Amino acid sequence: PAAAKDDVLLPMPCGGAMAFRRVVVPSADVLDDRRVQLGGPEPRFAYAEATRSDYVGGGFVDPAVKNQRYYLIGKYEVTALQYDALAGSCPAVKDEGRLPKTGITWNEAAFFAGRYTEWLVKNALAKLPAEDGAPGFVRLPTEAEWEFAARGGVAVDAATFEQPMFPMPEGVQRYAWFAGTDSSNNELNAVGLLKPNPLGLHDMLGNAGEFVLDAFRLNKHSRLHGQAGGYTVKGGDYRTALADLRAAARTEYVPVDRNGERRDKATGFRL
């Protein structure tokens, strides 16, 4: 919906595609990684979001730029149409197919990534980025990878990186779907309708909450507690109040409730 010349496009079944964006990580060599500061200073969220350090690294080398590696992250949340395209039969293309795919479990999101990788290897191996001759693969991002990208990575300066939200010079309503009739109207919206963050990523804040790879752990004195719980969801969603919209937001998604396996209408994912 918002094509850019430096998008990385990977094919999908049924003639579709999925767009990814590079997230650059300055690196001297393959073992190098970058220390990043995650979380935020608000006391009311300290139990889960107090400032802490983590690390990110790039899976691929950029031969054209010295001391630079990168990883790829989905430009958009995975849509309903993309999700259905891997199910075995080509779905009809409808407007609602551009909505983020929600109401799924973490296991289904992870399984989708595995199925997509298998399809790419069998049908489009030459399109997959590779490192040392080994093909890349698709998975959920780690929380650190997700938050580093959501804040703008190295495309913003250190002071801007630590702000609650990435720069939004045209106002939050042009960049994020949040609760209320002046934004989301309290419902999901199609991906890519609003402006992207500094890395060209759409809907990182609001619209659908996004599963990441990590289990949820509380914060203990600027580190994550040793007890793991459910799954971590990042970014807030269309039900999130504007005052609560922030890159540091992290909530625990408990996978079951009294009715069995839990499915949330506002939780989706990107790869």
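Counting helices only, and only those DSSP H runs with n ≥ 4, report the 222 nm mean residue ellipticity of the chain as the sum of -39,500 (n - 2.57) divided by its residues, in deg cm²/dmol to the nearest 500.
Taking each H run of at least 4 residues, the total per residue is -4000 deg cm²/dmol.
Please give, to one decimal in nm, the separation of the simple spin-label points placed at ASP7 and TYR47, each 7 Å out from Cα toward the Cβ.
4.2
So which GluC sites (Glu not before Pro) in region 113-204 are both in a DSSP loop and have at most 14 other Cβ atoms within 10 Å of their Cβ?
Answer in residue order: GLU170, GLU187.
I want the antiparallel fraction of DSSP beta bridges within region 123-252, as a percent rounded to 5.
That works out to approximately 90 percent antiparallel.
If the cut-off is a Cα-Cα distance under 28 Å, which lysines reach LYS265, setting aside same-chain residues fewer than 8 apart in sequence?
Straight-distance partners of LYS265: LYS75, LYS94, LYS101, LYS195, LYS234.
In nm, to one decimal, how far is the modelled label at VAL254 from the one at ALA17, with both set 7 Å along Cα→Cβ?
4.4
Can you tell which of LYS101, LYS127, LYS234 shows the greatest fluctuation in a Gaussian network model of the chain with Cα springs below 10 Å?
Highest fluctuation among the options: LYS127.
Hey, rough spin-label estimate for VAL172 and ARG139, points 7 angstrom out along Cα→Cβ, what's it come to in nanometres?
With each label placed 7 Å out from Cα toward Cβ, I get 3.4 nm.
Straight-line reach from LYS122: which lysines fall under 19 Å, measuring Cα to Cα and dropping same-chain residues less than 8 apart?
Partners found: none.
Just need the relative contact order of region 27-161 here, percent rounded to a whole number, with Cα pairs under 8 Å and 6+ apart.
18
Mind putting together the pair-distance distribution for the chain? All Cα pairs, 5 Å bins, whole percent per bin, short to long.
1, 6, 12, 17, 20, 18, 14, 8, 3, 1, 0
Coordinate-derived values only; no laboratory data. These numbers come from a predicted model, not from an experiment. Cβ sites come from the backbone with ideal geometry, for glycine too, and all protein chains shown count toward neighbours.
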